[in-house]
Amino acid sequence: MSETGTATMTIAELREFASFDAAEQRYIKRSLDVGLGRQDAFKLWARDSAESASIRSQYVAYQDLKGLRAHQPDESSLDGVDRFMGQLLRVSAFDLSQQRLSSFSAYRFLYERLLGAWARPWLPSAFCGAAALPHIPPCRRKMLLQSLSEAAATASGWSDRPPSFYPEYVEKEAA
């Protein structure tokens, strides 16, 4: 892809990230630090003991990411789909139960970076499955499921272009 095309895609990713509310942006950055091992999430993100406990739980839940990355199922076969979808559903359910991601778009943005572009075809079904679980309150379940557009749910193909923008923690300067 040309430099102009890459720059255009990066700008589109920046705009998409900017469209998420502050809580979603914060959770996505924190999740990338936990899931990709970029930073010490406790040091950067824990503002209190409840948040420390949430981060600790996230580290445990995200242990499944290693297995997911290692066992990419074939889109045209059901071989291994049960194991893969079970793990993806469990991790997705953790993230949605944190109540910081409020749309499929934010979920997809996060998981494209946690797993890679190859995971895109699997994300709508994992999102729907996790959002429909009984531990998600009914009003939230409805909001999440309605955020999945028909186009995303019925896409005939997915881009294999890897994400280029990975948002990170930015420390505020003292005034």
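List of remarks:
- Residue match in the stretch 84-96 (condition: farther than 17 Å from Tyr59 by Cα and either under 13 Å from the mean Cα position of the chain (by Cα) or of a type in the set (S, T, N, Q) (or both)): no
- Residue in the stretch 52-73 that is among the acidic types (Asp, Glu) and crowded, with 16+ Cβ neighbours inside 10 Å present: yes
- Scanning the stretch 141-162 for residues that are assigned to a loop (DSSP other than H, G, I, E, B), of a type outside the set (Ser, Thr, Tyr) and either surrounded by 14 or more Cβ atoms within 10 Å (Cβ to Cβ) or without any contact (Cβ under 8 Å) to a residue 60 or more places away in the chain (or both) gives Leu148, Ala155, Gly157, Trp158, Asp160, Pro162.
- Residue in the stretch 44-92 that is nearest to Lys172 (Cα to Cα), counting only those that are of a type outside the set (D, E, K, R), outside any helix (DSSP H, G or I) and free of Cβ contacts under 8 Å to residues at least 12 places away in the same chain: Ala46
- Within the stretch 117-144, the residues that satisfy the criterion of being under 16 Å from Phe94 (Cα atoms) and among the aliphatic types (A, V, I, L, M) are Leu123, Ala126, Ala130, Ala131, Ala132, Leu133, Ile136, Leu144.
- As a summary of the residue check, Arg120 satisfies the conditions (1) more than 15 Å from the chain's Cα centre (by Cα); (2) of a type in the set (D, E, K, R); (3) part of a helix (DSSP H, G or I) except for the one numbered (1).
- Unmet requirement for Glu112, which otherwise passes all of (1) in a helix (DSSP H, G or I); (2) more than 13 Å from the chain's Cα centre (by Cα): (2)
- Some residue of the stretch 27-48 being within 15 Å of Tyr107 (Cβ to Cβ), acidic (Asp, Glu) and surrounded by 14 or more Cβ atoms within 10 Å (Cβ to Cβ): no
Computed from the coordinates by the stated procedures, all read-outs in this text should not be read as laboratory data. Because the structure is predicted, anything quoted here is derived from the model rather than measured. Note that each Cβ is placed from the backbone with ideal geometry, even for glycine, and that neighbours are counted across all protein chains shown.
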